[in-house]
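Please treat every number below as a calculation from the coordinates, not as lab data. The shown structure was predicted, so the numbers you read here are calculated from the model rather than taken from an experiment. Here Cβ is always computed from backbone atoms with ideal geometry, including for glycine, and neighbour counts include all displayed protein chains.
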Amino acid sequence: MRDKEFSLAVDVGTSKTVAFLISGEEEIYVGVAPSQGMNMGKIVDLETQAVSIKEAVERISSPSLPDSLTLGISGEVFHVRKETTTLEIDSSDVEITEKEIKKVLSMAGEKAKRGSGWEVIHTIPLTYQVGEVSGVVNPLYMEGKNLDTEAMVILTLSTTLDNFIRCVNRAGFKVDRIVFSPYPQSMYIPHEEEKNLGVAVIDIGEGTIEISVFREGKIEEIKVLPRGGKELTRMLAARLRLTLSEAERIKKEEGVCLRYLSEHRPIKAKGLRKEVTFSQWEVAEILEEGVEKMLRELSVILRPYLAHLSAGFILTGGSSNLKGIDEFFEEFFNLPVRVSHPPVTVLPSLPEYSSAWALMEFVRREGPDSYSLPSPFLKPFHILLNWIKEKI
């Protein structure tokens with residue numbers, strides 16, 4: 001049975017797929033399955049990942065499911081651009097309505113596309129100007145000869161969307177809308193005071209690192225790096241001659257990324273050919289090298305903002321469980337750090353579930369600017385319209 005009174009959403013990550021169902025009475029049901037067809041936020045095996053999505057939804061154990069769902073995805077195939085646009089108002093005597101606000105944001109999105117191969121996922125208003133009045137947060141019902149906006153536009157390739165939509169279709173569902181996962185995280189993980197002081201949310205997942213930066217309450221940067229905790233696992237496997245599964249176990253159970261927090265006690269593990277013995281200090285030495293490399297790459301991206309991050313960093317994602325990583329960030333950047341644990345809900349209060357929790361909050365509060373898919377019958381028209389716009 002399919003029920004439209006329920007909202008279904010799926011958060012697709014490199015290591016796991018989380019599905020949740022929200023009823024009209026705000027009851028929430030969750031299902032989790034390992035992601036089998038993902039790597040660094042990209043689909044590498046569509047059929048296998050479709051099975052993962054289907055399994056996650058089936059584990060919700062609800063007889064009532066909608067036909068379609070909201071899909072949360074991420075990855076390096078997304079791009080972020082800032083655009084400024086101006087909308088001339090027909091008469092200064094007419095107040096600005098939602099129609100004008102949507103129009104100026106739509107203009108910003110179209111300006112950012114610069115080609116038919118891209119789709120706008122979110123257009124996030126950063127600031128408005130109404131007539132001569134700048135720094136406007138909400139221009140609704142104000143009057144002015146023009147409405148200007150600076151907006152952050154999040155785009156991805158049309159082929160990327162098509163592959164994810166095909167994957168969900170293979171799982172037996174349609175896609176209503178697409179959400180770029182770091183966006184809900186940036187909305188709901190930091191406190192408002194942290195946003196106002198300046199803060200960077202760093203989600204270190206298995207295959208990607210997602211970065212969201214706030215300055216003076218305004219989002220300044222969203223970026224995704226194609227690397228994550230899997231690189232640390234591979235370093236351990238290569239240096240200690242372990243299988244990947246055994247290296248992952250050692251990382252989770254014995255991992256420390258600062259040598260001074262480790263011990264010289266011996267650890268036994270299954271090697272590639274035979275049992276091997278090494279110390280926790282050796283594990284820490286490898287992980288410290290890997291995390292330092294990660295932080296140096298982050299520092300290049302964050303350099304323009306570091307002086308404005310009075311609230312420091314919020315770490316989330318599975319790799320933020322690594323012992324010592326918060327201390328490492330604090331020592332490296334000389335800024336305060338906290339590890340985010342989502343509130344106790346139907347999801348475990350663990351950093352690796354922060355992305356799914358943020359998407360759940362986004363769906364509950366009905367984020368208005370998520371990308372809604374056009375009807376399949378209208379898709380050829382949209383392709384033709386984009387082609388005409390490029391030629392004009």
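The table that follows gives values for the structure above.
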item: Placed amide H near I124: partners under 5 Å, 5+ positions off or other chain; result: M152, V153, I154
item: Gain in span if fully extended, Y260 to N146, counting 0.36 nm per residue against the direct Cα distance; result: 35.1 nm
item: Distance between modelled label sites at E27 and N163, nm, 7 Å Cα→Cβ extension; result: 3.9 nm
item: Efficiency of FRET between L46 and N334 - r from beta-carbon atoms, R0 41 angstrom, step 0.05; result: 0.35
item: Cut-off 16 Å (backbone N to label point 7 Å along Cα→Cβ of I301), residues of segment 225-252; result: 225-232
item: Proxy reagent accessibility, fewest Cβ within 10 Å first, across Y188, Y305; result: Y305, Y188
item: Residues L350 and L244, FRET efficiency given R0 of 22 Å [Cβ-Cβ distance, rounded to 0.05]; result: 0.50
item: Over 30 Å (Cα to Cα) - which of K174/K195; K145/K195; K42/K268; K16/K323 fall in this group; result: K174/K195; K145/K195; K42/K268
item: Neighbour net charge for F332 - beta-carbon separation under 10 angstrom, K R +1, D E -1; result: -3
item: Label-point separation, E192 to K174 (7 Å along Cα→Cβ), nm; result: 3.8 nm
item: Proximal charge balance of W357 [Cβ under 15 Å; K/R count +1, D/E count -1]; result: -3
item: Residues W281 and L126, FRET efficiency given R0 of 41 Å [Cβ-Cβ distance, rounded to 0.05]; result: 0.30
item: Other-chain or far-sequence residues with amide H under 5 Å of K323's (modelled H); result: C257
item: Spacing of the two label points (7 Å from each Cα toward its C-beta) at K102 and S134, in nm; result: 3.0 nm
item: Sequence ranges 142-155, 99-112, ranked by mean other-Cβ count within 10 angstrom, highest first; result: 142-155, 99-112
